[in-house]
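Following: one structure in structure tokens, then a few remarks.
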Amino acid sequence: METNLTHLQQSFAAWQASSSTKRQSNASLRAQAVKCLDHYSHQEVSAAIGMTVTTLRSWQKSLHHDQEIIANPPGFVAMSLDHAHVDTVSQAPLSLQINLPSGITIFVHSANIKSSVSNIHYSL
């Protein structure tokens, strides 16, 4: 009888044999490995797939974080500059800084901030 761990081991072996790039594993295989942790220890899964326990824990943490984001998406903040008061007499450039929860910072420095901001598009 084939267990989940045996099936995972065979899947990783087939991926490793066919993959020309060994640096990044298949996302589906990573998720399967993490799912096996429900029934097997980190050491057992690690030995079966040929990855370190540290790598396996990293995958587990990453998958958990991704599921949290999906379950609790960050709030959307709408910004409208249509009615913003901009001093048109001043020729000084304007600045806008947007700090995203992911750690990405968007910084716009322009004489025409409305025009510059209209070109910013961000999606997860």
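The values are calculated or read from the model by the stated rules, or taken from the named source; none is laboratory data. Only a predicted model underlies this, so the values are computations on that prediction, with no experimental measurement involved. A quick note on method: Cβ atoms are made from the backbone with ideal geometry, for glycine too, and the neighbour counts reach across all protein chains shown.
Rundown of residues vs (1) at pLDDT 70 or above; (2) under 28 Å from Ala33 (Cα atoms), yes/no style:
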| site | (1), (2) |
| --- | --- |
| Val53 | yes, yes |
| Leu96 | yes, no |
| Ser110 | yes, no |
| Ser116 | no, no |
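With respect to Lys61, is the statement that it is within 30 Å of Asn99 (Cβ to Cβ), surrounded by 11 or more Cβ atoms within 10 Å (Cβ to Cβ) and modelled with pLDDT of 85 or more true? Yes, satisfied. Return yes when Val34 is in contact (Cβ under 8 Å) with a residue 40 or more places away in the chain and either in a loop (DSSP other than H, G, I, E, B) or over 16 Å from the mean Cα position of the chain (by Cα) (or both) and no when it is not. Taking the combined requirement at face value, the residue does not satisfy it.
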